[in-house]
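A.B. asks: I am attaching a structure below and will ask some questions about it afterwards.
The values are calculated or read from the model by the stated rules, or taken from the named source; none is laboratory data. If you're wondering where the values come from, they're calculated on a predicted model, not measured in any experiment. Please note: Cβ atoms are built from the backbone with ideal geometry, for glycine as well, and neighbour counts cover all protein chains shown. Side chains included, ligands, DNA and RNA excluded: accessible areas come from the protein's heavy atoms. Shrake-Rupley method; radii C 1.70, N 1.55, O 1.52, S 1.80 Å.
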Amino acid sequence: MSHRIFNRRWAAVILEGLTRHGVQHISIAPGTRSAPLTLEAAAGHLICHTHFDERGLGYLALGLAKATCRPVAIVVTSGTAVANLAPAVIEASLTGERLIVLSADRPPELIDCGANQAITQPGIFASHAGGALNLPRPSADIPARWLVAAIDALLQQHPTGAVHINVPFAEPLYGEASSTFQAWHDALGGWWREKTPWLSIHAERATPVSGSWPGWRQKRGVIVAGKITAQQGVALAEWADTLGWPLLADIQSHTGAPFPCSELWLQEPQARQALERADIIIQFGARLTGKRLTSWLATAEPAAYWLIDPLPGHLDPAHHRSQRIVADIGEWLAAHKAVSQPAWLPSLQALALETHAAMAEKLREFGEAQLAQRLAELLPEQGVLFLGNSLTIRLANAFARLPAGYPVYASRGASGIDGLIATATGIQRGSARPLLAIVGDLSALYDVNSLALTAGPLVLIVVNNGGGQIFSLLPTPEKERERFFTLPQQASFASAAAMFGLTYHQPADWSSLRVAVEAGWRSTAATLIELKVEAGVQWLAGGWEK
């Protein structure tokens, strides 16, 4: 019967240990086996979030981690509840957000013997979890200092991506708070009053400085900007402008796209020929959205190619002979000063600006391509933007020109369409700003449960173009394409909005869309705007040339 007291003591030490590594938010799914962790989280000073859908819960935590740049803890019970976190764990492993999965478990004697809701949980995330800790059954015979030191070591040795802490609890699971086992608790002494880890592992990572930079900055360079932070994006745009180097930017770069619409003008032979004169290409941030930018980069053969990203790993699918520099981008820029010099390729910027202006004239028909091109007009003041995957982000990447430094989020690690509404909601909660989110119809259906998480000011635009129209770019026979790829659906998003208490609009023109979006920023309820439009995929396929 002592379990009912000690389980909560054990859980309290675990959660307190996590706070020493920056955890402020914890996402909790309902469950009995995880009750000791849940009750201690509720009794403490963590910000608690709940969801009945563990898959959505994982993505909610992912969004919180994206917005706060802090680790976020997740509590689930045993069984398939843990397995439902796998998609979010995989995404975090690729994009670096820190998730700490706390999975409650049956004790060892109830595994592999037919006990209810008991599965093998250690190793369930395989290589997608950067590190794992399979804790023993809670016992006062195990010093509290071992428990906190084990957690400290795990989190400091795996500073990016997800980690998994498996926590078995024996019944009875919990009871009222008690002074029992106070000595075990007090053995940590002054640690309880401090804010630092019990175990500190010091591994200094100085920003690498290239001694050849003073020579390279005098040459012809091209900058490619992938996923970087808003502050880094503004600094990079200024750095590139000082150098006079072209900046080819991804939608997640926050640079303001000084050379907009690269997905379009990179098809022009004269543009590619001009870029071939570059002596060096420096890429900041990996995981580019645009296929034509990725294709051009794969064929480029400059004298030097540098890829700078704070995440470890190869991160170059074209396998250039290169320098792979693991560093904070802001610190690297500060250590490699730009010197002012005239632009060496002014004709390219002129082409980019002309292309952007031409698209504004061509995209007059109300639809998803126009939405992408005029996206900046819909952004909330002091807000954030979340873009869904597939056609949504590709069109925005090709046509939009957003203000430099305006926060843009996406899930471009595994680039799945699952969990997008939950991720967007986590970003809104973590940033405490109004959020505009845009997703496709199948993405919305995939995560419709997470509409339960939404609250204003949040405007969710669902582009209903009749299924996964990105597959229309495939050379498949039309009959098979519809049945096996695009999967057009007949769902009513008005019904979904009503089910979860969202305000609903279905505008038929741009002015009506603007009115609906503006009303959404004044609403305490979230707003769902359904755009029933023809697919804009032809604009990516070259329809802009017509």
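A.B. asks: I need the full set of residues from segment 359-374 which are free of Cβ contacts under 8 Å to residues at least 60 places away in the same chain and either small (G, A, S) or in a helix (DSSP H, G or I) (or both), in order please. Don't jump to the end; show me each part of the working.
C.D. replies: Going residue by residue through segment 359-374, those that are free of Cβ contacts under 8 Å to residues at least 60 places away in the same chain are 360-361, 364-365, 373.
Correct list: A360, E361, Q373.
A.B. asks: Go through (1) surrounded by fewer than 24 Cβ atoms within 10 Å (Cβ to Cβ); (2) outside any helix (DSSP H, G or I) and name the single condition S93 misses.
C.D. replies: (2)
A.B. asks: Right, another one. Does R4 satisfy being touching a residue at least 24 places away in the same chain (Cβ under 8 Å), assigned to a helix (DSSP H, G or I), in contact with a Pro (Cβ under 8 Å, 6 or more places away or on another chain) and surrounded by fewer than 23 Cβ atoms within 10 Å (Cβ to Cβ)?
C.D. replies: Details: touching a residue at least 24 places away in the same chain (Cβ under 8 Å): yes; assigned to a helix (DSSP H, G or I): yes; in contact with a Pro (Cβ under 8 Å, 6 or more places away or on another chain): yes; surrounded by fewer than 23 Cβ atoms within 10 Å (Cβ to Cβ): yes.
The answer is yes for R4.
A.B. asks: What are the pairs with Cβ atoms under 7 angstrom where one residue, in segment 16-32, is of a type in the set (S, T, N, Q) and the other, located anywhere, is part of a strand (DSSP E or B)? Sequence gap at least six, or different chains.
C.D. replies: Final answer for the pair search is Q24/I47; S27/H49; S27/V72; S27/I74.
A.B. asks: Another question about this same structure. Six or more apart or on different chains, Cβ under 8 Å: which pairs go from a residue in segment 492-509 that's open to solvent by less than 60 Å² (accessible area, probe 1.4 Å) and among the small types (G, A, S) to one that's assigned to a loop (DSSP other than H, G, I, E, B) and modelled with pLDDT of 95 or more? Could you list them?
C.D. replies: A494/Q506; A496/L502; G501/A525
A.B. asks: In segment 488-505, which residues are over 15 Å from Y446 (Cα atoms), over 27 Å from the mean Cα position of the chain (by Cα) and not in a helix (DSSP H, G or I)?
C.D. replies: Answer for segment 488-505, where residues must be over 15 Å from Y446 (Cα atoms), over 27 Å from the mean Cα position of the chain (by Cα) and not in a helix (DSSP H, G or I): just H505.
A.B. asks: Answer yes or no as to whether Q283 is among the polar types (S, T, N, Q), surrounded by 12 or more Cβ atoms within 10 Å (Cβ to Cβ), modelled with pLDDT of 95 or more and outside any helix (DSSP H, G or I).
C.D. replies: yes
A.B. asks: Among the residues of segment 122-161, write down those that are open to solvent by less than 60 Å² (accessible area, probe 1.4 Å), of a type in the set (A, V, I, L, M, F, W, C) and either farther than 30 Å from G189 by Cα or in a loop (DSSP other than H, G, I, E, B) (or both).
C.D. replies: I124, F125, A129, L135, A140, I142
A.B. asks: Exactly one condition in (1) at pLDDT 90 or above; (2) closer than 17 Å to I529 by Cβ is false for A432; which is it?
C.D. replies: Unmet condition: (2).
A.B. asks: When segment 510-539 is examined, which residues are found to be open to solvent by less than 70 Å² (accessible area, probe 1.4 Å) and among the charged types (D, E, K, R)? Before the answer, list the steps.
C.D. replies: First pass over segment 510-539, keeping only residues open to solvent by less than 70 Å² (accessible area, probe 1.4 Å): 510, 512-513, 516-517, 519-521, 523, 525-531, 533, 535-537, 539.
Once the filter is applied, which keeps residues that are open to solvent by less than 70 Å² (accessible area, probe 1.4 Å) and among the charged types (D, E, K, R), segment 510-539 yields only E530.
A.B. asks: State the number of residues belonging to segment 421-453 that are part of a loop (DSSP other than H, G, I, E, B) and either of a type in the set (F, W, Y) or surrounded by 24 or more Cβ atoms within 10 Å (Cβ to Cβ) (or both). Let's see the steps before the verdict.
C.D. replies: Within segment 421-453, the first condition is being part of a loop (DSSP other than H, G, I, E, B), and the residues that meet it are 432-434, 447.
The next check asks that each one be either of a type in the set (F, W, Y) or surrounded by 24 or more Cβ atoms within 10 Å (Cβ to Cβ) (or both); those that pass are 447.
Residues in segment 421-453 being part of a loop (DSSP other than H, G, I, E, B) and either of a type in the set (F, W, Y) or surrounded by 24 or more Cβ atoms within 10 Å (Cβ to Cβ) (or both): 1 in total.
A.B. asks: Name the single residue, out of those in segment 20-40 being hydroxyl-bearing (S, T, Y) and either in contact with a helix residue (DSSP H, G or I) (Cβ under 7 Å, 6 or more places away or on another chain) or part of a loop (DSSP other than H, G, I, E, B) (or both), that is surrounded by the most Cβ atoms within 10 Å (Cβ to Cβ).
C.D. replies: Looking only at segment 20-40, we keep the residues that are hydroxyl-bearing (S, T, Y), and these are 27, 32, 34, 38.
Those still in the list that are either in contact with a helix residue (DSSP H, G or I) (Cβ under 7 Å, 6 or more places away or on another chain) or part of a loop (DSSP other than H, G, I, E, B) (or both) too: 27, 32, 34.
Numbers: S27: 32, T32: 14, S34: 25.
Filtering segment 20-40 for residues that are hydroxyl-bearing (S, T, Y) and either in contact with a helix residue (DSSP H, G or I) (Cβ under 7 Å, 6 or more places away or on another chain) or part of a loop (DSSP other than H, G, I, E, B) (or both), the one surrounded by the most Cβ atoms within 10 Å (Cβ to Cβ) comes out as S27.
A.B. asks: Being closer than 26 Å to F500 by Cβ and touching a strand residue (DSSP E or B) at 6+ places or on another chain (Cβ under 7 Å), is that true of even one residue in segment 95-102?
C.D. replies: Yes, segment 95-102 has at least one match.
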